[in-house]
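Okay, so here's the structure we're looking at.
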Amino acid sequence: MSNRHVLEAVAAGLRRQGVSEAEAARLLEELADHVADLFAEQGETMNDSVQQDDRIASRLGRPDVLVAAALANRRPASVFARHPVLSFVVAPIPVAILSWVAFLFLCFGALELAGWLLGDAYVIEGRAVSDWPAGLVQAVNLLVVAIRFLPPAAAAALLCWCARRAGVSWRWTLTASGLVGLVAGMLLVQVSLPVEAGQGSFQLGLGFPFYHQWINLVQFLVPLAVGVAFLWGTRHRPLVKLSTDERA
Amino acid sequence: MNATKRTNPDFLNGVPELLLLRLLAQQPMYGYELVQRIKLQSGAALEFGEGCIYPILHRLERFGLLTSQRESVGGRSRVVYRLTPDGERKLAESVSAWRHVVRAVGRVLEGDAHVEPARA
């Protein structure tokens, strides 16, 4: 098989297997460089003789073997690995915001359920805080604290998990958790419990209060800590996974 | 010469990566140079399809362990690979893991003639 045909066969094999054009082009370019080095090593010029072809192919590898090697090491199919900027730079911001939305749905849903299951004493609508059970007041106060930290921590954990599954660099993990932290640090929570029925309010907003509210700094640090904890927890995962290494 | 060389026999899983990282820790090299160095330093004990190292190099670069740049080498343009700090760290971990395995396998192979195996 002609060495030109070797590379053409590799190209055809890569196309058949759906390897991206960019990956295929890069591999073929370097294989062509390698073939040129083999010619230089043997002090030959390309002559398309069968013997030369066989020598080149036997050194470089058969086309099907080269295609198999490319497939075994190919760029992962994960969307997160293929689009890391979108996944770990753009997505953290809406993911952080959606985490609060989801948390509020969960919490208010839980409160409604509590009112339905436990009776009118646990219904908060249309009642002053003085009429609430003590447990309910504590639950709402806990919600106010939890909303600052739990949803962003969960959002950071989700993005870190996606990064780990995608096998991307630790920089993407840290970037994603840092961006969630940045948004979390901007969260402003203002709650006023209803002194009189119907006069309570629960407000969430985004601002830049770092300089006068220490709690916002903590809100920023929590998702970042989640990212660092993820990286710390996976730091000993070996790259070269030896098939006989039971520790892997 | 047999053109049907296997890319990576089962018992050599992970070995090409380890060798490439180790060699690139010594100096930056391009693909052909890496292949020649593996043959030289292994005493030609390891045979493989030389083109198969390129997908491995590309994967290592994706993981941030290597960087590559097309440069002029001896009057020819070649893609030269270099180890990153992350690659150095992974190399140290992988060498440690490999030595652990080698020691463990060595203990099993040497065995202990005075130890009776458990019997059911």
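The values are calculated or read from the model by the stated rules, or taken from the named source; none is laboratory data. Note that this is a predicted model, so its numbers are computed, not measured. Cβ atoms come from the backbone with ideal geometry, glycine included; neighbour counts cover every protein chain shown.
Numbers at a glance
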read-out: Matching entry among B:30, B:81 (being under 16 Å from residue A:35 (Cα atoms) and touching a Phe, Trp or Tyr at 6+ places or on another chain (Cβ under 9 Å)); value: B:30
read-out: Yes/no for residue A:142 being touching a Lys or Arg at 6+ places or on another chain (Cβ under 7 Å) and over 24 Å from residue A:83 (Cβ atoms); value: no
read-out: Count of residues meeting criterion [out of contact with any helix residue (DSSP H, G or I) (no Cβ under 8 Å at 6 or more places or on another chain) and not in a helix (DSSP H, G or I)] in the range B:43-62; value: 4
read-out: In the range A:17-34, the residues that are more than 9 Å from chain B (Cβ to nearest Cβ), part of a helix (DSSP H, G or I) and either aromatic (Phe, Trp, Tyr) or in contact (Cβ under 8 Å) with a residue 24 or more places away in the chain (or both); value: A:24, A:32
read-out: Qualifying residue in the range A:179-193 (condition: of a type outside the set (A, V, I, L, M) and closer than 30 Å to residue B:90 by Cα); value: yes
read-out: Residue within the range A:206-218 that is within 14 Å of chain B (Cβ to nearest Cβ) and part of a loop (DSSP other than H, G, I, E, B) present; value: no
read-out: Residue in the range B:75-85 that is assigned to a loop (DSSP other than H, G, I, E, B) and at pLDDT 90 or above present; value: yes
read-out: Residue B:92 being within 12 Å of chain A (Cβ to nearest Cβ), surrounded by fewer than 19 Cβ atoms within 10 Å (Cβ to Cβ) and in a helix (DSSP H, G or I); value: yes
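The rows are residues; the columns are (1) within 14 Å of another protein chain (Cβ to nearest Cβ); (2) surrounded by fewer than 20 Cβ atoms within 10 Å (Cβ to Cβ); (3) modelled with pLDDT of 90 or more; (4) in contact with a Cys (Cβ under 6 Å, 6 or more places away or on another chain).
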{"position": "A:144", "(1), (2), (3), (4)": "no, yes, no, no"}
{"position": "A:149", "(1), (2), (3), (4)": "no, yes, yes, no"}
{"position": "A:160", "(1), (2), (3), (4)": "no, no, yes, no"}
{"position": "A:163", "(1), (2), (3), (4)": "yes, no, no, no"}
{"position": "A:171", "(1), (2), (3), (4)": "yes, yes, no, no"}
{"position": "A:179", "(1), (2), (3), (4)": "no, no, yes, no"}
{"position": "A:189", "(1), (2), (3), (4)": "no, yes, no, no"}
{"position": "A:200", "(1), (2), (3), (4)": "no, yes, no, no"}
{"position": "A:231", "(1), (2), (3), (4)": "yes, yes, no, no"}
